[in-house]
Each structure stands twice: as C-alpha cells, then as structure tokens.
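Worksheet for the structure shown next.
Taken together, the values in this text are just the output of simple stated rules run on the coordinates, not laboratory data. Since the model is a prediction, treat every value here as computed from it, not as a measurement. Here the Cβ positions follow ideal geometry from the backbone for every residue, glycine too, while neighbour counts run over all protein chains shown.
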Amino acid sequence: MSVPEPPAPNPQQPPASALAEAAIGSGNLRDDPIDLGAGVWWVGVRLPNDRFQSHAYYLHHPAGGVLFDPGSPVTIEATMAKVARIADPQSIRWLVCHHPDPDIASALPWLSEFLRGDEVRVVTEWRAEALMKFYGFRFPTWLVEEHDWRLPLGDDRELEFQLTPYLHFPGAFVSYDRTSGILFSSDLFGGFVPRSEVLVSDDLPYILEAARPFHQHYMPSSELLAAGLKRIQRRWPRIDRIAPQHGHIIASGAVAGAFEGLSRLECGVFSIGDADDDLRRLLRLAETRARLITTLLDATEPGDLPEVLNHELGSSHRIACCSLWVRLPRRGWILWSGGSHCRPSQAGPPEGAGQVPLPGDPQALLVLEPQRGVNLDPDLLDLLRERVPGIRQVLDRWIQRNETEDRLRLLQSEAHTDPLTGLLNRRALEQAVPMGSYGLICLDLDRFKAVNDTYGHDSGDRVLKLVVEALQRSHRQADRLYRLGGEEFLIAMPDCEGETVWRVAERSRRAVKDLPLAGLAPGGRITISVGAVAAKDLPAEGFRACLRTADRALYEAKRQGGDVVVVQEPPDPPMATPTR
C-alpha cells in the first residue's frame with residue numbers, strides 16, 4: 001500500500017491551526033491534517049453521511065511519532081496520507097490504543113505491513129491487550145500499568161495516562177500531553193455528530209446535546225462517569241483542549257463546562273429505552289430530578305423558583321409556564337412567574353393547569369401550564385411534590401420577611417397618622433420639614449367646644465371629618481394637610497408665593513363656612529380662623545420660626561372674632577453661624 005508524498009508548502013494557504021479554530025469546510029477535513037498546536041495534529045477521516053465519526057491524532061516528535069487510536073481498515077489509508085503531509089510515516093514509533101474496539105484497533109494488521117520498523121509498540125492496557133491479539137498484528141505491546149502510567153518521548157516531553165474503568169471498556173484509559181495541554185479522551189466526551197463539517201466547537205449546549213445519547217448508550221452508570229471525570233480533573237487541573245475519539249474536538253472555552261455538564265448526565269439505561277417511550281420518559285424525569293435537587297438549593301427568593309422550573313422544564317417536558325401563587329390575607333392572590341417581583345391577580349390560579357399544593361399557611365400553589373396540545377405528565381407533578389418542603393421553606397422565609405415589613409410599615413403609619421381623620425400628624429410633619437419657597441396655613445375651628453357640648457362628641461367627630469373633606473377639596477394636589485391636634489390643622493404648600501397662599505386660605509375658609517351642618521353644629525354652620533405665611537428661600541432650620549409666625553397670624557384671626565384670614569410677613573432667614 002502506498003502513501004502519497006507530502007505536497008510542497010503553499011504560502012497562500014492559511015496555517016492549519018487557524019483552520020481548526022474556524023468552521024472548517026468539509027473539503028479541508030477530507031484532505032488536510034489539522035494543526036491543534038504544539039506538534040499535535042488531527043489526522044482523522046470524515047465519513048460522508050455518517051453521524052458516528054472516529055478521530056485519529058498524531059503527535060510529531062523527533063524521537064518518534066505517536067499515533068492515537070489509529071482506526072480501522074475503512075479509514076487507515078487516508079489517515080496515513082495525512083500523516084505523510086506532516087512527517088515520514090515510518091518515523092511513527094508508538095500506537096496508542098485506548099481500548100480494543102474495531103474503530104480504534106482493527107487497523108493494526110494493515111499497519112503491521114505498512115510500518116517497517118521493529119521499534120513500533122502498541123501502547124495499551126492489559127485487558128485491552130487480551131482482546132487485541134485476536135486482530136493478528138506483529139507489534140509488541142507496551143502496557144501503561146507496567147510503566148507508571150507514563151511514556152517518555154524525549155526532550156522533556158512525555159505522555160501521561162489515567163485509567164477510566166468501564167468508560168466504556170473495563171480497561172479504558174485516557175492520555176494527556178502537558179506540552180500542548182490536550183486530553184486525548186477516547187470515548188469520553190464523544191458524541192454522535194449532527195454537523196460533520198464541524199471539527200472544533202466551543203458551543204457548549206451543542207456539544208452536550210451531541211454527547212448525551214452517546215454516553216447514555218455506552219457508559220454503564222452516572223456514578224462511574226462522574227467519578228472518572230473527577231479523577232481526570234484532579235490529576236490534570238489544566239486541560240486546554242479535549243480531543244475525543246468521536247464527536248467534536250472541544251475548544252478551551254468549553255472545557256470546564258463540558259466536564260460539569262457531562263458529570264451530571266444520567267446514563268446506563270438509554271440503550272433499552274430506544275424501544276420504550278415510557279422508559280425514555282422516566283429517564284428524562286430522572287435527569288430533571290437530579291438537576292432540580294441542585295438548582296433548587298440555590299433558590300433564595302420565591303421568584304427564583306418559577307425561573308428555575310421554567311428553565312429546567314420548558315423544553316425537556318414542554319411546559320409553557322411555571323408560576324408560584326400565594327394567597328395573602330390582606331392582598332389576595334399574588335404570583336411569581338419568573339423574576340424577583342410578584343404581582344397581584346384578581347382572577348387567581350388558572351383552571352385546567354397542573355397544580356402542586358404547598359401545604360402551610362397562607363395557601364400556596366405551584367402551577368404548571370403545558371404547551372398547547374400537550375398532556376401534563378403526572379409523574380412530573382409527583383416529582384415536584386417531592387421538592388415541596390424545600391420550595392415551601394423558601395416561600396415561608398419570604399412571607400415572614402413580608403409580614404415583618406408590613407408590621408413595621410403599619411407601626412410607622414400609625415405613628416404618623418391621625419386615627420380619626422386619616423391625616424398626617426405633627427410627628428409626620430417633623431419628618432418632612434419644607435424648605436425653600438413655601439406657604440403655611442394654620443386653621444382652627446371657631447367655638448368647636450359648643451358642638452361637643454350641644455350635640456355630643458360623636459357629632460364633633462363627624463364635623464371634624466366633614467371639615468377635613470372640605471379642606472381637601474380646597475387645597476392644591478401637591479399640598480399636604482396635617483391635623484396638629486384637637487381642632488387645629490395645617491396646610492403645607494410647597495413651591496408657592498404669597499398670592500397663592502392667600503387664595504388657598506380664603507378658599508378653605510369659605511368651603512368650611514358653606515358646609516351644611518344642621519343637627520351637628522349650633523346654627524347649622526361652623527367657621528374657622530386662618531393664619532397664613534409665605535416663606536421665600538427659607539432653609540430647613542427656618543421652618544419652626546415660620547410655623548410660629550403662622551401661629552401668631554392664627555391667634556390674631558381668633559382675636560378678630562374668627563371667620564377671617566390673617567396673613568403675616570415671613571421671618572428673616574436665620575443668620576449663618578460664623579466660622580473661626
């Protein structure tokens with residue numbers, strides 16, 4: 001069998017390493033080796049219309065080249081033609097066979113004729129050697145376990161090996177080259193290839209989706225898979241690229257995510273699931289259970305829960321929407337459908353959706369709405385019922401915080417609100433002192449004692465409420481009305497001048513005088529005395545002086561017999577304290 005001579009270098013052609021990082025065209029994959037860096041090359045063969053592609057890799061070294069997972073009679077001639085574009089194939093000294101399957105080792109008889117040197121060795125493990133001898137090849141074997149799991153290549157470069165038992169062969173192992181940082185992972189990270197024109201990929205969701213059915217078919221258990229991956233990471237923390245025997249070469253940016261995603265994969269039963277839809281459904285549920293155990297532990301707010309469930313169940317179980325509903329005593333139904341904020345709902349939870357009650361007080365539900373035309377899997381609801389205690393715990397913490405905040409708001413409101421009229425009180429005024437240009441209007445009911453003495457305190461309370469309604473109709477929307485005590489009120493008017501203050505004061509006086517109070521006040525009427533002041537550019541510390549001025553104006557209105565507005569000049573701004 002002959003191998004073509006390497007072509008002369010073409011200065012117009014980009015380096016193969018650059019081609020490997022791009023979306024590589026099928027023509028280059030068919031004809032060219034691909035430089036993966038530091039003397040490592042992909043020399044595999046892309047079979048047309050075949051999702052089960054097998055890779056071979058070549059490590060060039062002056063002391064002797066290394067061919068990883070040589071392949072089968074279907075691909076070996078093309079593989080050696082690619083090696084010939086890099087170096088003399090007769091310089092190959094090591095043939096690394098990670099396990100004895102035909103796609104890796106059945107080319108050994110062909111290579112026994114093609115490679116003429118007597119120093120060629122097959123690097124493998126003893127359980128693979130026991131089977132590979134039946135291919136009938138002439139090379140001696142070099143067993144990794146007999147050489148401390150290391151192969152020195154010379155010039156301070158060596159390969160290191162790690163046993164990965166039953167992934168998928170009992171004596172399976174992987175190889176690592178510290179110089180390039182490449183892990184030759186054999187069947188690990190392999191996958192069925194939907195896009196055979198792509199060799200190197202950093203698309204993590206695509207990589208994991210391609211790897212999922214492959215590992216579910218070929219790996220015996222999730223526990224063995226996770227343990228094998230952890231053993232690799234513990235031994236070699238720095239892995240720059242993963243070169244599996246099947247699927248896609250994994251670029252550096254996706255290496256960590258590939259390890260994490262693969263370690264969570266449920267596997268070991270998918271092969272019989274091919275013919276059993278119900279088993280595939282149960283497998284999806286098992287994967288969902290494993291993911292939810294982890295992701296729900298990270299939930300700290302109620303809004304995290306539907307967000308996690310929408311992400312985990314949306315595509316795998318065809319769920320259109322997951323939402324969390326709580327019925328609060330004073331607020332009715334509120335819901336979260338993703339995100340940190342809840343919103344009220346007068347309609348309540350939707351009918352016809354799957355509901356998972358969250359026992360406790362107040363009433364709460366987890367609601368799943370399937371996509372149109374999809375029947376909700378009852379086993380999925382059972383799975384979520386298993387997670388109810390953890391979900392309720394997150395919800396109860398929020399309810400407790402919310403009730404505490406409500407109580408604090410209520411206490412603060414009671415402390416700053418007059419219970420009879422609902423107006424802000426003097427304490428609230430002290431917390432919101434006006435400044436700048438503003439007006440103050442002090443009002444006091446004239447001869448209010450006669451109302452209580454004649455008609456009783458209930459009538460007096462009724463009169464006060466009617467007066468408040470009249471005053472609220474009289475002032476501007478931006479103004480604030482306070483009850484300072486007894487029958488005394490204050491209107492604080494931000495951003496206004498003296499003329500506006502006088503008009504509001506006079507309008508308030510007339511509105512109260514016009515109130516029909518037959519049966520509530522002597523003569524069916526009541527009047528007010530009004531004192532007003534307009535401040536201009538007054539700082540906050542001048543407020544008390546301004547309030548005293550409005551008070552003096554009120555007393556002057558009282559002295560004049562009531563039912564009158566008295567306006568006084570504002571106080572002078574306080575003098576600034578001199579600095580030394």
Original post:
Taking the inverse of the average 1/r across all pairs of different Cα atoms in the stretch 306-365, what Kirkwood radius in Å do you get?
Top reply: 12.3
**OP:** Answer rounded, prolate or oblate for the stretch 277-401, using the Cα gyration tensor with square roots of eigenvalues a ≥ b ≥ c: rounded when a/c is under 1.5, else prolate when a/b is larger than b/c, else oblate.
**Re:** prolate
**OP:** Quickly rank 121-133, 426-438 as a protection proxy: mean count of other C-beta atoms within 10 Å, highest first.
**Re:** 121-133, 426-438
**OP:** Figure the gain on full extension for Gln355 and Arg427 (residue separation times 0.36 nm, minus the Cα-Cα span) and round it to one decimal in nm.
**Re:** 21.1 nm
Original post:
Quick one: Karplus J couplings for the stretch 545-551, per residue in order, coefficients 6.51, -1.76, 1.60, θ = phi - 60°, nearest Hz, x for Gly and Pro?
Top reply: 5, 5, 5, 5, 5, 5, 5
**OP:** Along each of the three principal axes of the Cα atoms of the stretch 147-266, give the extent in whole Å, ordering the values from largest to smallest.
**Re:** 40, 29, 21
**OP:** Out of all DSSP beta bridges with both ends in the stretch 426-568, state the antiparallel percent to the nearest 5.
**Re:** 85
**OP:** Rounded to the nearest 0.05, what FRET efficiency do Thr294 and Arg234 give with R0 = 25 Å and r taken as the Cβ-Cβ distance? Could you check?
**Re:** 0.75
Original post:
Applying the Karplus parametrisation 6.51 cos²θ - 1.76 cosθ + 1.60 with θ = phi - 60° to the phi angles of the stretch 290-305, what ³J(HN,Hα) value in whole Hz is obtained for each residue in order, glycine and proline being reported as x?
Top reply: 5, 5, 5, 4, 7, 6, 5, 5, 7, 6, 10, 10, x, x, 5, 5
Original post:
What spacing in nm lies between the two simple spin-label points modelled at Tyr555 and Arg473, each 7 Å away from Cα in the Cβ direction?
Top reply: 3.4
**OP:** Please report the base-10 log of the normalised intensity I(q)/I(0) for the stretch 518-562, using a Debye sum with one equal scatterer per alpha carbon and no solvent, at each q in 0.16, 0.26, 0.28 (1/Å).
**Re:** -0.56, -0.87, -0.93
Original post:
Taking a ≥ b ≥ c as the square roots of the eigenvalues of the Cα gyration tensor of the stretch 181-236, is the shape rounded (a/c under 1.5), prolate (a/b larger than b/c) or oblate?
Top reply: oblate
Subject >> For semi-axes √(5λ) of the Cα gyration tensor in Å, calculated from these coordinates, the label among (1) 82, 29, 21; (2) 46, 38, 22; (3) 87, 29, 19 >> reply: (3)
Subject >> Prolate/oblate/rounded call for the stretch 426-568, Cα gyration tensor, a/c under 1.5 rounded >> reply: prolate
Original post:
So how do 508-515, 62-69, 146-153 stack up, highest first, on mean other-Cβ count within 10 Å?
Top reply: 62-69, 508-515, 146-153
Original post:
If you place +1 on the Cβ of every Lys and Arg, -1 on the Cβ of every Asp and Glu, and leave all else neutral, what size is the dipole of the chain about its Cα centre, to the nearest 20 Debye?
Top reply: 2220
**OP:** Could you sort out which of Lys449/Lys513; Lys133/Lys230; Lys449/Lys536 sit more than 28 Å apart by Cα distance in this structure?
**Re:** Lys133/Lys230; Lys449/Lys536
**OP:** Treat the count of other C-beta atoms within 10 Å as a stand-in for reagent exposure and order Cys546, Cys322 from fewest to most.
**Re:** Cys546, Cys322
Original post:
For the stretch 37-150, what percent of Cα pairs sit more than 16 Å apart?
Top reply: 57
